[in-house]
Structure formats: C-alpha cells, structure tokens
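Only the coordinates and a few stated rules stand behind these numbers; no lab work does. Keep in mind that this is a model prediction, so the values were computed, not measured. Here the Cβ positions follow ideal geometry from the backbone for every residue, glycine too, while neighbour counts run over all protein chains shown.
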Amino acid sequence: MTENPNFVPVVIVGAGPTGITAATKLAQYGVDCLVLDRWEDVYPQPRAVHLDDEIYRLLAGLGIADEFAAISRPARGLQLRDRNARVIAEFRRECAESANGFPQANMFDQPELEALLRANLKRYPHAVLRGNAEVTEAVQIGADRVQVTFTDRVSGEEHRVETRYLLGCDGANSLVRTAIGACMEDLKFQQRWLVVDVATTAELNQWEGVHQVCDPHRAATYMRIGDTRYRWEFRLLPDETADDYNTMAALYPLIRPWVEGIAPEQLELVRVGEYTFRAQVANHWRRDNIFILGDAAHLTPPFIGQGLCAGLRDAMNLAWKLAGVVNGWLPESVLDTYEQERMPHARYMIRFALAMGTAMTAGGEAGNLLRRVVVPRLDLIPGVREKIVDSTTPALHNSELVMKSPGRRQLAGRLCPNPVLLDGKRLDAVVGATFAVITSALLNPSQQDEMTRRGAVVVTAHPGTELSLWLQAGRARAAVVRPDRTVMCAGRDVAEVCRAVPVFAPPADTGADA
Ligand SMILES: Cc1cc2nc3c(=O)[nH]c(=O)nc-3n(C[C@H](O)[C@H](O)[C@H](O)COP(=O)(O)OP(=O)(O)OC[C@H]3O[C@@H](n4cnc5c(N)ncnc54)[C@H](O)[C@@H]3O)c2cc1C
C-alpha cells in the first residue's frame, strides 16, 4: 500500500498503543489499513507502567512476547502502607505464569512498549503508519464510506482519503469522538496527581511490588518499573502544582521513605508531571462506520493500572470482527457486538479502580483507623485476599458472539486458559488467529471436516489436563473460542456447540517475515 492512497479499507486515527494494536491485528488478517498520527515519533512521556497477564497474552498474539519480556519485570503484588511507611497489609502475587501463560502483573515503561509495537508493525506490509498527519475532519459520506481529511504538518498540504471503516484511537481529546456526536459521561471523579519518574543505578532495597500509601492527606504510590527506573505518584494538595516539585531538592522529602541513605545526586529526575485523573466513558462508541477505541472511549484513574489495558482490549475485540466483515466472512451485524461487549467491561474496570482508590485513601482519620483495624484482618474473610490480587477481569456481556446459557458456572464471555498442550506448544500457538473448538469428546469425521471447512482448529481436552478440568468446571464438554480467546459458547451437546462456529478463514500471519 502507498502512503498516499485514495481509498483504504480501514483508516486509524492515532498511533498510540490502541491504534498500533488495532493496525497490527488487522494487518495480520491481511486487511490494508492506514494509521495517521500528528507526531512522527512515540509520545516520549512515561505514562502506563503496569499491564496484566491477559494483555501480555494479547501482546504475544501480536508477536512481541519475548521482546516485552526483555523490557518488563513481574511485580510481586501490593503492599498497603500507612503515612509513616509502616506496612498495614501485604497481598502477594505469584510471579509464575497464570492461566493465561504469563505473570499476572508486569511493570514497564510505556514509550518502550510503544516503540516495540511500532517496530513490530513494520513487519506487516498491509499496514502503513504515516506520522506528521494531523486529522482535521472525519465524515460519513455514504452508506459505507467515510472521508478523512488530514494535514501534513511538514509540507502544510491538505489530503483526503476515503475508507470503509474509521477507527478513532486518538486519545482523551478525541476529534473522532466529537465527529460521531459522542460525549463523555462523567463518573464523578477528578483528582490532580504528581507523576514522578526517577532513574538510578543505586539499589533502593524496597519490596518488589506496588506500595500504596493509604494516607487521605497525601495518597501515594511507588513501584519499580525497570532495573534502574522507579515511578512515584502523589496526590497534589489543592494549593500545589507540579512546578513545586521539579527539582530533586524539592521532591526529596516526598520520596525520602524509599530512598533513605541514597544521596540526591545519585537520583536522576527523568520527569515530573501533573495529571488530572478522570473517570469517564463515552455515551456511544460507534456511529455508522466510525468507531472509537482506547482513551477516546474511556478514561480511568490509574489506581489499578488498566487504562492502556482497556484500549488494547478494545483493539483486540474489534479488529478480528472488522477483518471478518471486510474479508466477507462475517455479517456486518457482528460489529454491533463491539460496544455491547466492551462498554460494560470498561465501565466495570473504571468503577473497580475508583473503589480501590476510595478503599485505600478515602475517609480521613476515621478511614485510616478503619484501614488499620480491618485491612490486616482481611484473611479472616474467605476469598477476599485472592480477589485483591486476582488479575482476572469480568466476563463480557451477552451478544451475537457471546452466548451464555442459563446457569451459574459460565465459561462464555471469559477468556479460555492458555496451557501448554501435550505436544509442548501453548494453546494460543496451536490455534493462531482463528476460532477453536475445545472438546473433551472426539468429533466424528463429518464434524471434524465441517470445522476444517469453517476454518476452526479443533483442540482435544485430554482427561486430567488443564483444558479438561476447565471444561468440567464449566459443566461443558465443548466450547467455541473466538480469535480473541473469549469463549463464545459452551455446553454438553458437542454437535450443538460445533454448529455455532462461524466460517472464518484467516491466512496464517501476513507479516513480511511470516
Ligand atoms: C500517569 C499515568 C499513569 C498511567 N498508568 C497506567 C498503567 O499503569 N496501566 C495502564 O494500562 N494504563 C495506564 N495509564 C493510561 C494509559 O497511558 C492510556 O490509557 C493509554 O496511553 C491510551 O492509549 P491510546 O492509544 O488509547 O491513546 P494515546 O496514547 O493518547 O494515543 C493517542 C494518539 O492519537 C494521536 N492523535 C490525537 N489526535 C490526533 C489527530 N487529530 N490527528 C492525528 N493524530 C492524533 C496522538 O498523537 C497519540 O499518538 C496511565 C496514564 C497516566 C496519565
């Protein structure tokens, strides 16, 4: 594809993590897409520092698991501390692989991850990223045409490109969101925080996990994000700004509990910034052929480190459906399932972040007292400790592509596990980018042929294996797993489960070196 086409099946506004993920997935399915971003390079300021095992699994599907492993480190859980840095409670997390095949909590530096994502995109000739392209207008001009206008910020020239689908991955101040007439619903949360990144070769000798300071006066978070990189976030007092802390001398009193004994000269201030954390969800995520994803569709305070994760989930959820429609495998109606599935999930995660923030820091002195008394005794309430460190996110709501049957132990809407199979390969590597039927019963030859015709991979859940136990726990003998690894449906009647599999026949991986 050229950099200046007149028509591209999919145009993506924004080359942040959400836009690049969507482009990579589409390109893997052989769908031509053009990504436009106003800047040439990755946004250099560190923002996200944490992602969970579900997202690590998604990165593996993009082809960058090993590269991400090289720039990230697993975190050991969460410590709640009082204002004097005394530990109130510790919630340990296993750094070993979860059911998704990766550590549950992973610390990293967002610009490094974005650089990886961009380098990886270059492997796919179906995707073109054009920097210095400021999108100024997006309009639906026909039943299945959208016109995108952008200005080349170097030459000043204005360009137009037509597309069948436009994805607005253009961040918090999204122009595409405005273009579809959506507005942000405010979930009534706004706080100003100081975000501090420090580099040092000195060893801080701190517990290797997230430290949450439960102080309503000065809530704070500390985490190690790399061999020599550390992140602090402090809630700003009403009369403070980030400028009050932009030297190490001014900042030192705030970070002293973690750097005691280390001379300020050994600590390099990478940056000090002020962010207003908000909780907002756009009231609709699609109009006609235009969609919004990532921060354009939702904003969350980073208390559980899930903003970028939500954007990547959006991209994963929509890309394979869009590829199915563009390639003529799936009906257009499946595109409605994007908002039906993703909006309630994003809303839940934002409310969870708000609840965690409130539980850890609200309530003044009374809240402090309650935390000192209650939190160390959480072990007495069965299941609570596990819940706090469990990275599993909720099941997707019912849709044309999530068919829950009545009953409690639902597999549908949740991710299937990603175990190592008897041949030594992980499930995801065996299934690739298509549908799978996981079954504890052997399919008869005609069922097997039909699954092959529909492009689905059949995986046998041998007795006693993780997959077999997983099916049993869901009271099922077979499950249909979508390309994004969400279970579409599950049940005891294997023939009925097989009938639900749609025709979906992607090429293996259309990367240049695939
Ligand atoms: C302090 C802080 C800490 C955070 N911590 C975490 C964390 O630990 N874990 C986590 O998951 N998330 C975290 N987040 C959130 C995370 O950084 C964002 O959710 C994520 O960057 C959103 O990605 P995006 O691609 O949707 O949007 P963005 O990263 O904002 O990218 C949008 C892109 O669109 C481009 N663009 C915008 N308008 C136009 C236009 N008109 N024309 C062309 N291009 C345009 C921009 O240049 C940009 O490249 C944190 C955020 C902050 C601020």
- Task: Take the Cα atoms of segment 1-116, find their three principal axes, and give me the spread along each one in whole Å, biggest first.
- Result: 61, 31, 20
- Query: If you rank Glu466, Glu496 by fewest surrounding Cβ atoms within 10 Å, what's the result?
  - Reply: Glu496, Glu466
- Item | q = 0.15, 0.18, 0.25, 0.27 Å⁻¹: log10 I(q)/I(0) that the Debye formula gives for segment 121-203, counting C-alpha atoms only | -0.79, -0.94, -1.30, -1.39
- State, to one decimal in nm, how far the label point of Ala85 lies from the label point of Ala355, with both points 7 Å from Cα in the Cβ direction. 3.3
- Note on the structure: With -39,500 (n - 2.57) per DSSP H segment of 4 or more residues and division by the full residue count of the chain, the 222 nm estimate, nearest 500 deg cm²/dmol, is -8500 deg cm²/dmol
- Task: For a footprinting-style exposure proxy, rank Thr337, Thr392, Thr300 by other Cβ within 10 Å, fewest first.
- Result: Thr392, Thr337, Thr300
- Query: In whole angstrom, and with the biggest value first, how far do the Cα coordinates of segment 169-244 range along each principal axis?
  - Reply: 51, 29, 24
- Applied in sequence order to segment 203-218, the curve 6.51 cos²θ - 1.76 cosθ + 1.60 (Karplus, θ = phi - 60°) yields integer Hz couplings, x standing for Gly and Pro, of 8, 7, 6, 9, 4, 7, x, 7, 9, 10, 8, 8, 10, x, 6, 9
- Could you list the residues of segment 285-302 with an amide nitrogen less than 11 Å from a label point located 7 Å from the Cα of Gln140 in the Cα-to-C-beta direction? 286-291
- Mind checking which of Gly209, Thr300, His462 is farthest towards the positive end of the chain's charge dipole, using Cβ charges of +1 (Lys, Arg) and -1 (Asp, Glu) about the Cα centre? His462
- Message: Please identify the DSSP H helices in the chain that span no less than 18 Å along the helix axis (Cα) and have a mean Kyte-Doolittle hydropathy of -1.0 or more.
- Response: 307-326, 336-361
- Item | All-pairs Cα distance distribution in segment 253-315, expressed in whole percent, bin size 10 Å | 17, 32, 22, 18, 9, 3
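Grab the Cα-Cα distance for Ser333 and Ala473, subtract it from 0.36 nm times how many residues apart they are, and report the gain in nm with one decimal.
Numbers: separation 140, 0.36 × 140 = 50.40 nm, distance 3.17 nm.
Full extension of this stretch gives 47.2 nm more.
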- Query: Per the Cauchy relation, a quarter of the hull surface: what is the mean projected area of the convex hull of the alpha carbons in segment 57-203, in nm²?
  - Reply: 14.9
- Query: About its Cα centre, how strong a charge dipole does the chain have in debye, to the nearest 20, once Lys and Arg get +1 and Asp and Glu get -1 at the Cβ?
  - Reply: 1780
- Those trypsin sites (Lys or Arg not before Pro) from segment 1-97 that are DSSP loop and have at most 11 other Cβ neighbours within 10 Å turn out to be Arg86
- Hey, got a sec? Which trypsin sites (Lys or Arg not before Pro) in segment 384-482 land in a DSSP loop and have at most 13 other Cβ atoms within 10 Å? Arg408, Arg409, Lys425
- Taking the Cα atoms of the chain, what is the range of coordinates along each of the three principal axes, in descending order and whole Å? 70, 63, 40
- Between Ala172 and Leu442, what is the spin-label point distance in nm, taking each point 7 Å from the Cα along the Cα→C-beta axis? 5.9
- Note on the structure: Given Cβ charges of +1 for Lys and Arg and -1 for Asp and Glu, the option among Gly226, Val198, Ile290 whose Cα lies farthest towards the positive end of the dipole of segment 184-300 is Ile290
- Task: Could you size up the charge dipole of segment 98-246 around its Cα centre, putting +1 on the beta carbon of Lys and Arg and -1 on that of Asp and Glu, and report it in debye to the nearest 20?
- Result: 540
- Cα convex hull of segment 422-505, projected area averaged across orientations, nm²: 5.0
- Task: Please give the contour-minus-distance gain from Ala202 to Thr247: 0.36 nm per residue of separation, less the Cα-Cα distance, rounded to one decimal in nm.
- Result: 14.3 nm
- Semi-axes of the equivalent ellipsoid for segment 201-246, Cα gyration tensor, largest first, Å: 23, 14, 7
- Sequence-distant residues sharing a close amide H with Phe91 (under 5 Å, placed H): Leu78, Gln79, Leu80
- Chain lengthening between Leu269 and Phe7 when straightened (0.36 nm per residue, less Cα-Cα): 89.7 nm
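Could you tell me which GluC sites (Glu not before Pro) in segment 54-158 are loop residues by DSSP with no more than 16 other beta carbons within 10 angstrom of their beta carbon? Numbers along the way, then the final one.
Details: sites: Glu54, Glu67, Glu90, Glu94, Glu97, Glu112, Glu114, Glu134, Glu137, Glu157, Glu158; in loops: Glu94, Glu97, Glu157.
Listed in order of number, the matching sites are Glu94, Glu157.
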- Query: What is the local net charge at Pro17, summed over the other residues whose Cβ is closer than 13 Å to its Cβ (Lys, Arg +1; Asp, Glu -1)?
  - Reply: -3
